[in-house]
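*Asks:* The structure's right below; bear with me while I get my questions together.
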Amino acid sequence: MDTSKSKFATKAIHGGLEPDPATGAIMTPIYQTSTYIQDGVGNHQGYEYSRTLNPTRDALEKNLAAIENGNYGACFGSGLAAIDAVIKMLHPGDEVISTNDLYGGSYRIFKTIFEKYGIVFRFTSMANPTDVEALVNENTKLIWAETPTNPMMNIIDIEALAIISKKNNILLAVDNTFATPYLQRPLDLGADIVMHSATKYLGGHSDVVMGALVMKDEKVAKEIYRIQNSSGAVTGPMDSFLVLRGIKTLHLRVQRHCENGSRIAHWLRKQPSVATVYWPGFEDHPNHAVAKRQMDDFGGMISFTLKGNKMEDAHRILGKVKLFSLAESLGGVESLIGHPATMTHASIPKEDREKSGVVDSLIRLSVGVEDADDLIKDLEQALK
Ligand SMILES: *Cc1c(COP(=O)(O)O)cnc(C)c1O
């Protein structure tokens, strides 16, 4: 359905989707097939082999393009496989500028996979766009941003980066996993590529691992599709179905994530054992003004540190929570609690992680959509 003039909730439910042409089924069927019978040589209905194109994945890719206000979507076996595809557009000697409190897995693929193929990665705090511009040279081909960042909840000004990237003919990619397109649409702000770990809010139910890219420009999209088909890190039809279904309630879930997140962030700030709470909705967050401009609300991801900054204190809290589950990942309906220094960011050297604020007592919450009173009660008994 053409939803280009519709609002977000309509796009989430109908964007890019048509009733199944064979049966009229309202839900996109799970086309669990690897190949498609051809009437004669070269005479097929658009589908030849499911690595290249599968109707369930195709429907999801169109739906993703609709909700990100892009023209082309591409799905991958994981968020990291999606990042892998973007970096494969580059050549040895090309340079990438990225943020120094990047998602740990993104840092790992840059440093341990692509650096040895001659791609150069430069890291800076992107909170101030002039620091990014200072690293641009004639080899810079890509700016890789993530906002809000994980786990420090720094906010990066996407529009400011888009101005720098356009001026210097550099691609701008934004990891939009934390914000979701319901809260933030980087393509509208001038980015060339939006990336998602669909494992998180898009899927939303902690039952699938998937990555996605959305693009506006045909040339960029063609290159991504070439890499998607050539490297083959595609997602299967069952997983595509699950994420399609997840997206239909994305706006409803994220509304509640935001409400619960706001309540818990404000409550945490008043607790005597808590040192600092990181959440972009606070007016004294260093880039609150940018967050307010580029996001529609502030989400359910919160990090905080403890007075005394002791790892054992953080570990004790993680052991005492009952409703919050100790687990990696985020963005599902259930609330999760994690310890970046020993979990998601364990692959980053201590010295480097502390520079960006990932200290020993830092705790990260993915606030779910349970009742906020119950979540606060759980944190209260754990912090005691
Ligand atoms: C989880 C995550 C990724 C990686 O995605 P996977 O689906 O786990 O491969 C990338 N960026 C961010 C911000 C994430 O939270």
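The values are calculated or read from the model by the stated rules, or taken from the named source; none is laboratory data. Being a predicted model, the structure only gives us computed values, none of them experimental. Cβ: placed from backbone, ideal geometry, glycine included. Neighbour counts: every protein chain shown. Side chains are part of the model used for accessible areas, which takes the heavy atoms of the whole protein and leaves out ligands, DNA and RNA. Shrake-Rupley method; radii C 1.70, N 1.55, O 1.52, S 1.80 Å.
*Asks:* If only one of Gln38, Gln32 is loosely packed, with under 13 Cβ neighbours inside 10 Å and either in contact (Cβ under 8 Å) with a residue 40 or more places away in the chain or in contact with a Gly (Cβ under 7 Å, 6 or more places away or on another chain) (or both), which one is it?
*Replies:* Exactly one residue qualifies, and that residue is Gln32.
*Asks:* Scan the range 56-69 and tell me whether some residue there is modelled with pLDDT under 95 and open to solvent by 60 Å² or more (accessible area, probe 1.4 Å).
*Replies:* Checked the range 56-69: no residue is modelled with pLDDT under 95 and open to solvent by 60 Å² or more (accessible area, probe 1.4 Å).
*Asks:* Here is a list of conditions, (1) at pLDDT below 95; (2) over 26 Å from Arg245 (Cα atoms); (3) not hydroxyl-bearing (Ser, Thr, Tyr), and Gly338 meets all of them except one; can you say which number that is?
*Replies:* (1)
*Asks:* Here are some residues: Val214, Val277, Val234. Which one is in contact (Cβ under 8 Å) with a residue 60 or more places away in the chain, open to solvent by 10 Å² or more (accessible area, probe 1.4 Å) and hydrophobic (A, V, I, L, M, F, W, C)?
*Replies:* Of the residues listed, the single one that is in contact (Cβ under 8 Å) with a residue 60 or more places away in the chain, open to solvent by 10 Å² or more (accessible area, probe 1.4 Å) and hydrophobic (A, V, I, L, M, F, W, C) is Val234.
*Asks:* In the range 135-162, which residue that is away from the ligand (no atom under 16 Å from the Cβ) and either without any contact (Cβ under 8 Å) to a residue 12 or more places away in the chain or under 22 Å from the mean Cα position of the chain (by Cα) (or both) is surrounded by the most Cβ atoms within 10 Å (Cβ to Cβ)?
*Replies:* Within the range 135-162, the match that is surrounded by the most Cβ atoms within 10 Å (Cβ to Cβ) is Leu161.
Here's the yes/no breakdown for (1) out of contact with any helix residue (DSSP H, G or I) (no Cβ under 8 Å at 6 or more places or on another chain); (2) outside the structural domain of Thr149 (by TED's automatic domain parsing); (3) farther than 30 Å from Lys62 by Cα:
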| site | (1), (2), (3) |
| --- | --- |
| His257 | yes, yes, no |
| His266 | yes, yes, yes |
| Trp279 | no, yes, yes |
| Phe282 | no, yes, yes |
| Asn287 | yes, yes, yes |
| Ala291 | yes, yes, no |
| Asp297 | no, yes, no |
| Lys307 | yes, yes, yes |
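*Asks:* Return only the number of the condition from (1) among the hydrophobic types (A, V, I, L, M, F, W, C); (2) surrounded by fewer than 24 Cβ atoms within 10 Å (Cβ to Cβ); (3) in the same structural domain as Ala25 (by TED's automatic domain parsing) that Ala173 does not satisfy.
*Replies:* Just one mismatch for Ala173, condition (2).
*Asks:* Is it the case that the range 290-307 has a residue that's crowded, with 19+ Cβ neighbours inside 10 Å and among the acidic types (Asp, Glu)?
*Replies:* yes
*Asks:* A further question follows. Does the range 326-349 include one or more residues that are more than 24 Å from the chain's Cα centre (by Cα), surrounded by fewer than 16 Cβ atoms within 10 Å (Cβ to Cβ) and more than 30 Å from Asp188 (Cβ to Cβ)?
*Replies:* no
*Asks:* While we're looking at this one, here's another question. Scan the range 71-126 for residues that are within 11 Å of the ligand (Cβ to nearest atom) and small (Gly, Ala, Ser) and jot them down.
*Replies:* Residues satisfying the conditions are Gly77, Ser78, Gly79, Ala81, Ala82, Gly104, Gly105, Ser106.
*Asks:* Among His345, His315, which is the only one that is in contact (Cβ under 8 Å) with a residue 24 or more places away in the chain and not in a loop (DSSP other than H, G, I, E, B)?
*Replies:* None of the other options fit; the residue is His315.
*Asks:* Please identify the pairs in which a residue from the range 167-195 that is away from the ligand (no atom under 15 Å from the Cβ) and assigned to a helix (DSSP H, G or I) has its Cβ atom under 8 Å from the Cβ atom of a residue that is open to solvent by 10 Å² or more (accessible area, probe 1.4 Å) and basic (Lys, Arg), counting only partners at least 6 apart or on another chain.
*Replies:* Leu187/Lys216
*Asks:* While we're looking at this one, here's another question. Among the residues of the range 59-70 satisfying the criterion of being in contact with a helix residue (DSSP H, G or I) (Cβ under 7 Å, 6 or more places away or on another chain) and more than 16 Å from the ligand (Cβ to nearest atom), which is nearest to Asn139 (Cα to Cα)?
*Replies:* By that ranking, first place goes to Gly70.
*Asks:* If you don't mind, another one. Please give the number of the condition Arg245 fails out of (1) charged (D, E, K, R); (2) within 16 Å of the ligand (Cβ to nearest atom); (3) open to solvent by 10 Å² or more (accessible area, probe 1.4 Å).
*Replies:* Failed condition: (2).
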